[in-house]
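Visitor: Sharing a structure below in structure tokens format, with a few things to ask.
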Amino acid sequence: LPQVKIPVCQIAIETPLRRLFDYHLAEGAVPGSRVRVPFGRQHVVGIVVAQAADSEVPAAKLRGIEAVLDAAPLFSTADLALLTWAADYYHHPVGEVFATALPRLLRLGRDVAPVQRSWHITNAGRAALADGTLRRARRQQQLLEYFAAKGAVDEQALDAALPGWRPVARTLREKSLLEMNEQTRSIATREAVQSLQQGPVLTAAQQSAVDALTAPGLAGAHLLDGVTGSGKTEVYLRAAGAALARGRSVLVMCPEIGLTPQLLERFEARFDAPIAALHSGLTDTARARAWHLAATGGARIVVGTRSAVFTPIPNLGLIIVDEEHDSSYKQQEGGFRYSARDLALLRGQQRGVPVVLGSATPSLESLHNVKLGRLTHIELPERAGSATPPRIALIDMRAHPVNRGIATPLRHAIDAHLAAGSQVLLFLNRRGYAPTLLCQSCGWVAPCESCDARLTVHLAGGRACGSLACHHCGAEAPQPERCPRCGYGLQPLGHGTERVEETLAEFFPGHAVERFDRDSLRAPKQLTDAIERVHSGSARILVGTQMLTKGHHFPDVTLVGVLNADQSLFSTDFRAAERLAQTIVQVAGRAGRADRPGEVLIQSQYPDHPLLKTLLERGYAGFAADALQERQAAHWPPFSRLALLRASDPEPEVALNFLKAARKIATPAAGVALRGPVPAAMVRRAGRYYAQLMVESSQRTRLQAFLAGWVPAVESLATSRSLRWVLDVDPLEVL
Ligand SMILES: [Zn+2]
Ligand SMILES: [Zn+2]
């Protein structure tokens, strides 16, 4: 009997199975569109990835598509190619990869109205403002004042600018003081977008960077390597302006939500075009709207964090990755551990669209790629305007009296800068009050019950003896009054940001202290308020963690103090030195950005450490050159390629035994080495025991070929279903 060929759709469905699923071809079920299909006993939403003339599934078992959900495909062929490539490269189930690319509501099969809702003040609203009717309703009054100043504002912009605005706006609408309009506001794809402002006069270096990045027919990947304050954002804006004027769209990626508002504001102020902002701080609806606006070409500029790299953008003409060295571009939790920076490069390459990676402290990977000719090197070696680079010095903590974590020379410097009317910034990468609670009699330290870690002391209601928290699993406990072992009194040991804040208030009375960390700034609104207090000058001293190093522009800060540079000097992670150097240079870059010279003081117990010496004497470029040589000698990335198989289980040994079995079934491959398995640096975390097995090769293709055969075999191990495991390709941390 002749075989009857049955044409099918191959559909990505969110499941841990590493394959597409075949269904009968249906009208309108073109690649890139969502469909509803029966799956087992459920009905799920999937995405058509391809059509095929025939299926390996027996005809009797093939099922049909229940509904096609999109009139036009959401993903283009190029978008589908990027997602499929990512699933292959990271060896992750394709359905889960597609799920990452789609906002939740769209995954649930909802329709997203492409309409834009905008709000504006009514005449009654203006009258209410004038006669002070709302004096007693502060939030309503503030919102009305906002609309009086801004005119009509769309909901997306409101979500970004004023989180929590909706209930207040609803009340005002009921009183007829505000009105809401629904309209389709979009600008046709390919229409030239105008710049609203000229922008400042460029420095010579900025001008040549702009010339390079706006050259006709530009493609390829480019590293914009510019010291802090050199005006990288202005170069982004000019490059984007050129693409927009040619009728193309632009994708701008940034590492974190804290950075998004500032970058977003610069683009909003510059261009007369709808902008879609995509980040994790959005509600499901807002996110789906913004995504849809981007995917349908309604937005010409898309600003977003990590997963924005997958957002379809018709007629894309430029990709910018700001702060490309930032580790938040790599997904480090869950199963699909992709690097948004690396995928941005691939996306550009697939479509012949130029990609600009920008940083003051480029990753060693990117600097290596410059050497290999994969990235062009565009440098902005000097600060824009009249700003001079800061003077950087080390304070030897062994040679000076140290009072509550602050050495005398730093204390004097803080006094001098405050007296001169400047602001001061102190960096400490340790939140909480104190990292340890210690019994001074018997040496007991408060441990986390679920981790191999100590509990951090936190203030509770402003009391120095407050609560205990684990920074690894989130467990919380009240602080015991006495040592549970011997009954003696307990003492917080060491300094966290909360304690430094307390110390500073005491040392420098009359100078308001603003703390920046995850505890003090939980909501985006709190961060914008804190930044506002710094800009208005009401805050004089800033103390904070990593949050302070990220792109904020504080022109009146003239002194930066790094309270403890030593925390990662002796880490066993091969990337620790790179991260420390980046952090120090980034935080130093906050000093003296206006026309006042800055000073940076770094406290250390090891002022002779080669890393610190190199950084001070030869700057980041000198550090990077040395660090790359060390990596080459030790065969670490970028001179080799790594993948980690990580496993965990509540029972000790289970993860380790699983990894031993995984190693055993590996088919030896030339040029591929397996190392381990070994227990993780912190073996027990949140009640689970962690272990890892490293796969290393000097060649990406060899590593990929090995993984392609090995991962399915690992998956078929009987124990693979009872414990948690994940493959991390190009891991950032190998501890
Ligand atoms: Zn004790
Ligand atoms: Zn814990």
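Derivation of every value follows stated rules applied to the coordinates shown; laboratory data play no part. Because the structure is predicted, anything quoted here is derived from the model rather than measured. Neighbour counts are summed over all protein chains in view; Cβ atoms, including those assigned to glycine, are modelled from backbone coordinates with ideal geometry.
Visitor: Please turn the phi angles of the range 262-273 into ³J(HN,Hα) values with the Karplus equation 6.51 cos²θ - 1.76 cosθ + 1.60 (θ = phi - 60°), one per residue in order, whole Hz, x for glycine and proline.
Guide: Per-residue couplings from phi come out as 5, 5, 4, 4, 4, 5, 5, 5, 8, 10, 8, 8 Hz.
Visitor: Once you charge only the Cβ atoms, +1 for Lys and Arg and -1 for Asp and Glu, what is the size of the charge dipole of the chain about its Cα centre, to the nearest 20 debye?
Guide: That gives the chain a dipole magnitude of about 860 debye.
Visitor: Cut-off under 23 Å on the C-alpha distance; same-chain residues fewer than 8 positions from Lys550 excluded. Which lysines are left, in chain and number order?
Guide: Lys232, Lys330, Lys525
Visitor: Given charges of +1 on the Cβ of Lys and Arg and -1 on the Cβ of Asp and Glu, with all other atoms neutral, how large is the dipole of the range 6-54 about its Cα centre, in debye to the nearest 20?
Guide: About 220 debye.
Visitor: Using amide H atoms built in the peptide plane, which far-off residues or other-chain residues are under 5 Å from Leu542 H to H?
Guide: Under 5 Å from the amide H of Leu542 lie the amide H atoms of Val424, Leu425, Leu426, Glu514, each far enough along the sequence or on another chain.
Visitor: Can I ask one more? Name the residue from Ala713, His43, Phe658 whose Cα lies farthest towards the positive end of the charge dipole of the chain, charges +1 on Cβ of Lys and Arg and -1 on Cβ of Asp and Glu.
Guide: His43
Visitor: Okay, moving on. For every helix of n ≥ 4 consecutive DSSP H residues, a contribution of -39,500 (n - 2.57) applies; sum these over the chain, divide by its total residues, and give [θ] at 222 nm rounded to the nearest 500 deg cm²/dmol. The partial results should precede the final answer.
Guide: On the way: 20 runs with 232 residues, N = 735.
Rounded to the nearest 500, it is -9500 deg cm²/dmol.
Visitor: Follow-up question, since we're still on this one. Would the range 305-368 count as rounded, prolate or oblate if I go by the C-alpha gyration tensor, calling it rounded below 1.5 in a/c and otherwise prolate when a/b exceeds b/c, oblate otherwise?
Guide: Working: a/c = 1.95, a/b = 1.15, b/c = 1.70.
Oblate.
Visitor: What is the set of long-range amide H partners of Ile11 at a cut-off below 5 Å, with H atoms built 1.01 Å from backbone N?
Guide: When sequence neighbours closer than 5 places are left aside, the close amide H contacts are Phe21, Asp22, Tyr23, Val49.
Visitor: Provide the FRET efficiency to the nearest 0.05 for the Arg391-Leu196 pair, computing r from the beta carbons and using R0 = 35 Å. Spell out each step's value before the answer.
Guide: Working: r = 38 Å, r/R0 = 1.09.
Plugging the Cβ-Cβ distance into 1/(1 + (r/R0)^6) gives 0.35.
Visitor: Still on this structure, I have one more. Give me the distance between the Cα centres of the range 467-516 and the range 667-735, rounded to whole Å.
Guide: 38 Å
Visitor: Starting at the first residue of the range 340-352, write each ³J(HN,Hα) from the Karplus equation 6.51 cos²θ - 1.76 cosθ + 1.60 with θ = phi - 60°, in whole Hz, x for Gly and Pro.
Guide: Working through the residues one at a time gives 5, 5, 5, 6, 5, 4, 5, 4, x, 5, 4, 10, x Hz.
Visitor: Follow-up question, since we're still on this one. Among Val557, Leu727, Ile395, pick out the residue whose Cα is farthest towards the positive end of the charge dipole of the chain, where Lys and Arg carry +1 and Asp and Glu carry -1 on C-beta, about the Cα centre.
Guide: Leu727
Visitor: Is the shape of the range 481-633 rounded, prolate or oblate, going by the alpha carbon gyration tensor and its root eigenvalues a ≥ b ≥ c, with a/c under 1.5 for rounded and a/b larger than b/c for prolate?
Guide: Oblate, because a/c is 1.5 or more while a/b does not exceed b/c.
Visitor: Then there is this: Among the lysines, which fall within straight-line cross-link reach of Lys61, defined as a Cα-Cα distance under 25 Å, with same-chain neighbours fewer than 8 residues apart omitted?
Guide: Within the straight-line limit of under 25 Å, Lys61 reaches these lysines: Lys5.
Visitor: Another question, if that's okay. Assigning unit charges at the beta carbon (Lys, Arg +1; Asp, Glu -1) and nothing else, what dipole magnitude in debye, to the nearest 20, does the range 197-283 show about its Cα centre?
Guide: Computed charge dipole of the range 197-283: roughly 180 debye.
Visitor: State the answer as a single residue: which of Ala420, Gly304, Leu318 lies farthest towards the positive end of the charge dipole of the chain, with beta carbon charges of +1 for Lys and Arg and -1 for Asp and Glu, about the Cα centre.
Guide: After comparing all options, I get Gly304.
Visitor: In terms of modelled amide H atoms, which long-range or inter-chain residues lie less than 5 Å from the amide H of Ile602?
Guide: Ala393, Leu394, Ile395, Val562
Visitor: If a/c stays under 1.5 just call it rounded; otherwise compare a/b with b/c (prolate if a/b is bigger, oblate if not). Do that for the range 565-704, with a ≥ b ≥ c from the square roots of the Cα gyration tensor eigenvalues.
Guide: In terms of gyration-tensor shape, prolate.
Visitor: So what J values fall out for the range 42-58 if you push phi through Karplus, 6.51 cos²θ - 1.76 cosθ + 1.60 with θ = phi - 60°, rounded to Hz, Gly and Pro as x?
Guide: 9, 10, 10, 9, x, 10, 6, 9, 7, 10, 9, 6, 7, 10, 7, 6, x
Visitor: Using Cβ contacts closer than 10 Å as the measure, can you line up Asp626, Asp728 from fewest to most?
Guide: Going from sparsest to densest Cβ surroundings: Asp626, Asp728.
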